[in-house]
Amino acid sequence: MNNLLSAPLQLPCGAVLKNRLAKAAMTEGLADPMNRVTPELLRLYKRWAGNGFGLMLTGNVQVDRHHMERSSNVAIDGNGGLEDLQRLAEIGRQDGAHFWVQLNHTGRQTAMDVNASPLAPSAISLPMAEAGCGQARAMTQEQVADVIRRFADAAAVCRETGFTGVQIHAAHGYLLSQFLSPLANARNDEWGGPLENRARLLLETVRAVRRAVGADFPVSVKLNSADFQRGGFDFEESMTVVSWLSEERIDLLEISGGNYEQPQMAGMGESADHQGKPVTASTRAREAYFLDYARQVKPRASVPLMITGGMRGVASMNEALSSQACQVVGIARPMCTHPDSLGKYLLNGDRQDLPSLERLLEIPRDALGPDIDDATFKRLESFGVLGWYCEQIERIGAGLEPALDLTVLEALQNFQQHKADKTRDWARP
Ligand SMILES: Cc1cc2nc3c(=O)[nH]c(=O)nc-3n(C[C@H](O)[C@H](O)[C@H](O)COP(=O)(O)O)c2cc1C
């Protein structure tokens, strides 16, 4: 079989990805108390970069240190550390890979210990106490303008320090995605109300970033196919925003979905598809959560598409590429369980270092430990299981092997401990 994953891809700005595999963004939690790059982060990317993927994306890097999903991530907001960013860029660019920074502002999904009253489109806090987010404050016009400037400034730093592209995070319920959603954005100025107003912050941010980095530098957007919430940013609106983004000549549109309340990006959340129709267990279990959406949006999108979420098998990835549903395949969680062997397996079919392939196919339910009932699993599912993957990232950064036999409860305990230690050390400016 001709493996389409190995084919290069030229982006609208002229840059070329050497193949169609992308390591999708995953929050690392490995920055220092000033939100700068650490040796642990360098070690993590050295290992991931060895897979030979055409595109590597960082985890979300914040444009404002006061708005982060946790205090231990990298920020680019005038906090220095440019040489370390340069070192990171060099590692990720290994063997001709592209290495892009995912830029983000968390808005109301900011951790309480980072900011108890984070900026948001409106004073509508995240209705999910267990997420531990602060009380949302409505942004002034000046604060909206400041966010746009921050994205542009951070993007310019990415280019200066040797990264080869940027991705603007407009998915998963963070600030730009909050502006898109009528559930989080109740503004009645030019930033709220009809879709063209709710999408204004995203489009203005794309334009400002493009001005900051120039015409030949890849600019990508990660967008939700839907928020999967009644009254939220929905499938039809998402399709319209895609057509507007196409007009902006972005280079790659990554399709995802959901937010903290509906974690569909990881195949969790309620059982409804992007049009709100119930889905069967078999549909849910199948690969590629957003493939159907990509197929439907394709006629409206004159921009290369990347789909991320549940993509696992070489055959189905090839099918997605050959049908032109997408041009790039994004992979996240398997990088935590199999940090060295994915590239060899996906590009060359080499299974040697992949002893437990089935682990690539599902959330490790068996990692929950012996005494967990269904109700507890549901409660733990989104945060607990994400914590399990975060813990593997923490281990790889520390130079250890992933611990596939770690239970979710153990991982959660470790994760909470790391988080508490790092928050305590966090240097509030
Ligand atoms: C530990 C972890 C951290 C993540 N952090 C981010 C992030 O920083 N930015 C982002 O856009 N998506 C993030 N995601 C979502 C992934 O990029 C991806 O959309 C999702 O995991 C589905 O892809 P997969 O099935 O290949 O894992 C994260 C996922 C995991 C498991």
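The values are calculated or read from the model by the stated rules, or taken from the named source; none is laboratory data. Model, not experiment: these values are computed from the prediction. When we count neighbours, we look across all protein chains shown, and the Cβ atoms used for this are built from the backbone with ideal geometry, even at glycine. Just the protein is used for accessible areas: all its heavy atoms, side chains included, with ligands, DNA and RNA removed. Shrake-Rupley method; radii C 1.70, N 1.55, O 1.52, S 1.80 Å.
Structural remarks
- Charged-residue dipole, Cβ positions (Lys, Arg, Asp, Glu), the chain about Cα centre, Debye nearest 20: 660
- Applying 1/(1 + (r/R0)^6) with R0 = 35 Å to the Cβ-Cβ distance of THR140 and ASN348 gives a FRET efficiency near 0.05.
- Computed over the chain, the per-residue total of -39500 (n - 2.57) for DSSP H runs of n ≥ 4 gives a 222 nm mean residue ellipticity of -11000 deg cm²/dmol, rounded to 500.
- By the equivalent-ellipsoid construction on the alpha carbon gyration tensor, the chain comes out with semi-axes of 28, 25, 24 Å, ordered largest to smallest.
- Per-pair calculated FRET efficiency, R0 = 60 Å: ALA398 and ARG249 via Cβ, rounded to 0.05: 0.90
- Accessible carbon and sulfur surface of the chain relative to its total accessible area, %, 1.4 Å: 50
- Taking the Cα centre of the stretch 158-259 as origin and assigning +1 to Lys and Arg Cβ atoms and -1 to Asp and Glu Cβ atoms, the resulting dipole is close to 200 debye.
- The Cβ shell under 11 Å around ASN224 holds other residues with a net charge of -3, Lys and Arg each +1, Asp and Glu each -1.
- Placing a pseudo-label 7 Å from each Cα along the Cα-to-Cβ vector at GLN413 and ALA116 gives an inter-label distance of 3.0 nm.
- Average projection area in nm² (convex hull over Cα atoms of the stretch 32-130, one quarter of hull surface): 7.3
- Once both labels are positioned 7 Å from their Cα atoms along Cα-to-Cβ, the gap between ASP421 and MET128 label points is 2.7 nm.
- Summary of the geometry: the stretch 127-164 and the stretch 292-340, compared by the centres of their Cα atoms, lie 27 Å apart.
- Å² per residue, accessible surface of the chain at 1.4 Å: 38
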